[in-house]
Amino acid sequence: MTRTLVIDSTGFGLRGAVLDGGRLIELLDVDSHGDAVTDTLFAARVDKVDKPLAAAFVEIGAAERAFLAAKDARAVAGVEERLPVDRLLHEGQKLIVQGVREPVEGKGSRVTSDIKLFGFGLILRPMSRGVEVPVRLPERQREALARRGQTLFGEAGVTLRRAAASLDDEALRREHAALSQRWAQIEREARDARRPGRLAADEPALERLLRRAAEMAPERIAVADHALALATERLVEQRLAGSGVAVERLTGHGPAFEQTPVAAELELALGRDVPLEGGGRLRIEETAACVAIDVDGGNRAALDADLAAAAEVARQVRLRNLGGTIVVDFIDLPTRPQRQRLEEALKKAFRDDPQPVQLYPMSPLGLVQLSRPRRGRTLAALLARPCASCLGSGRQPSLRAVAEQLLARMRQNPPVTRLAAAPDLARYLQTEAAVAWAGLGAAPAVEIDAGLPAGAWTIR
């Protein structure tokens, strides 16, 4: 099947959607500004070292202190062995950290001192040594890639990515030099920083998006905006020459997501129920303790329904960016061979997931437990929020999603001169969305209308 990367502007940055044969498999958000923590670099300061917790709390310029586990502090201390956290860090210490996990339910974000600067063909690990290669490659390819990396970079901290195999030595050397230069800029910026906060020396949003998407080997990139299409073509020529990736300018009306299956797929991915091909459905419930997924076979044979569900469970977990403990209630299978077949199908379905997924054997009651790292925000946390009217399981668009729709409307003609917004949306536009709103140039003043429903706006 053809894989297509669809790119749209959000007003906050760029969003990419990867379609595999018309089905959405992953959403990639790259903000030029905003509050995302994952992969972002920060000038940080150790606020408290907690020996019983084997961790430290560090200030990164956010409302909540970030959590730095002892194992994630070894890099800045220059050691590999396990040591008590108070031998790795001290209160008041300045350091550079990188976001690993977003804050959730009152808990601060998680960060690491083991910095990774990502390129198309390699990852620079300035705080560590040695060449690494992807573990999922066949053994012969891994060995050949490792030898090549050691020849090119010696004992420098470098991880060669899958795409390195299609790049020549000179391209890899240029990328290593560019990432090394960027690291030097980051160190200077952090050294001169007067207070903890985000570091500006980051890669451009489009480059970051294409670099992340390149791991999924898209054959086609679809863009609606003319300027964005031109920039994408230039970057593909510079960084993905010879890859065969074609850039297509969409000529229909509206954003790229609306001109492709992405918008409809996103709507489905924000709901609780997901239909299965051939009949039946999944019901997905995100709770504080775990993610619960129920399989309804719709009168199909149990094994047939479970095998269809296995593939869809893997797609939905990746697309929704679900993490932590995930429990799937499959239809009971009476024989051990059937259960083994389902377990093998699940392993195969999760094989291409970018996060390591731990699968546990099916219980006698048909329950399968999965464990997947929490990385970044879930799709629901980004684009939806609990309904303000019923306070139940219903959802409505998040303030971020509403602001994106409003920013898109502001860029259209005729220009808007008077705008009223509900109090919660007005506050969001003045705070989290302030930079994006200011980027409109002649943006209208926002009038607060307490009579509007939560998250609503109207043109006057």
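The values are calculated or read from the model by the stated rules, or taken from the named source; none is laboratory data. It should be emphasised that the depicted structure is a prediction, and the values quoted were computed from it without experimental measurement. Cβ: placed from backbone, ideal geometry, glycine included. Neighbour counts: every protein chain shown. Just so you know, the surface numbers come from the protein's heavy atoms only, side chains and all, with ligands and any DNA or RNA stripped out. Shrake-Rupley method; radii C 1.70, N 1.55, O 1.52, S 1.80 Å.
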Requested in this report: Would you confirm whether any residue within the range 166-185 is open to solvent by 30 Å² or more (accessible area, probe 1.4 Å), in contact with an Asp or Glu (Cβ under 7 Å, 6 or more places away or on another chain) and closer than 21 Å to Pro354 by Cβ?
Outcome: no
Query raised in the report: Which one is farthest from the chain's Cα centre (by Cα), of the residues in the range 186-203 that are closer than 21 Å to Ser128 by Cβ and open to solvent by less than 40 Å² (accessible area, probe 1.4 Å)?
Result: Ala190
Requested in this report: Give the number of residues within the range 30-56 that are over 20 Å from the mean Cα position of the chain (by Cα) and open to solvent by 40 Å² or more (accessible area, probe 1.4 Å).
Outcome: 7
Requested in this report: Could you grab me the full set of residues in the range 149-164 that are open to solvent by less than 80 Å² (accessible area, probe 1.4 Å), out of contact with any Ser or Thr (no Cβ under 7 Å at 6 or more places or on another chain) and closer than 25 Å to Pro354 by Cα?
Outcome: Gly149, Ala156, Val158, Thr159, Leu160, Arg161, Ala163, Ala164
**Report entry** Top-ranked residue in the range 412-436 [being open to solvent by 10 Å² or more (accessible area, probe 1.4 Å) and touching a residue at least 40 places away in the same chain (Cβ under 8 Å); ranked as farthest from Asp29 (Cα to Cα)]
**Finding:** Arg418
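Specify which of the listed residues (Leu206, Leu235, Leu210, Leu230) is in a helix (DSSP H, G or I), of a type outside the set (Lys, Arg) and surrounded by fewer than 18 Cβ atoms within 10 Å (Cβ to Cβ). If you could, list the steps in order and put the result at the bottom.
On the way: Leu206 fails: surrounded by fewer than 18 Cβ atoms within 10 Å (Cβ to Cβ); Leu235 fails: surrounded by fewer than 18 Cβ atoms within 10 Å (Cβ to Cβ); Leu210 fails: surrounded by fewer than 18 Cβ atoms within 10 Å (Cβ to Cβ).
Within the list Leu206, Leu235, Leu210, Leu230, the selection yields Leu230.
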Requested in this report: From Val274, Val295, Val313, Val328, grab the single residue that is of a type in the set (Val, Ile, Thr), open to solvent by less than 60 Å² (accessible area, probe 1.4 Å), within 30 Å of Val357 (Cα to Cα) and in a helix (DSSP H, G or I).
Outcome: Val313
Report task. Taking the options Ala380, Ala401, Ala443, Ala454, name whichever one is open to solvent by 40 Å² or more (accessible area, probe 1.4 Å) and either assigned to a loop (DSSP other than H, G, I, E, B) or under 30 Å from Ala311 (Cβ atoms) (or both). Result -> Ala454
Report summary line: Restricting attention to the range 242-257, the residues that are open to solvent by 70 Å² or more (accessible area, probe 1.4 Å) and either touching a Gly at 6+ places or on another chain (Cβ under 6 Å) or under 28 Å from Leu172 (Cβ atoms) (or both) number exactly 1
Query raised in the report: Within the range 82-91, is even one residue open to solvent by 40 Å² or more (accessible area, probe 1.4 Å) and under 27 Å from Asn321 (Cβ atoms)?
Result: no
Query raised in the report: Could we say that Lys71 is of a type in the set (D, E, K, R), surrounded by fewer than 23 Cβ atoms within 10 Å (Cβ to Cβ) and either in a strand (DSSP E or B) or on the phi > 0 side of the Ramachandran plot (or both) here?
Result: no
Report task. Would you check which residues across the range 209-227 are within 21 Å of the chain's Cα centre (by Cα) and within 22 Å of His253 (Cβ to Cβ) and list them? Result -> Arg220, Ile221, Ala222, Val223
**Report entry** Residue list for the range 358-374, restricted to those being assigned to a loop (DSSP other than H, G, I, E, B) and open to solvent by 40 Å² or more (accessible area, probe 1.4 Å)
**Finding:** Tyr360, Pro361, Pro364, Leu365, Pro373, Arg374
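Take the conditions at pLDDT 95 or above, out of contact with any Asp or Glu (no Cβ under 8 Å at 6 or more places or on another chain) and either open to solvent by less than 30 Å² (accessible area, probe 1.4 Å) or not in a helix (DSSP H, G or I) (or both) and apply them to Gln355. Does it pass?
Values: at pLDDT 95 or above: no; out of contact with any Asp or Glu (no Cβ under 8 Å at 6 or more places or on another chain): yes; either open to solvent by less than 30 Å² (accessible area, probe 1.4 Å) or not in a helix (DSSP H, G or I) (or both): yes.
So Gln355 does not fit the description; no.
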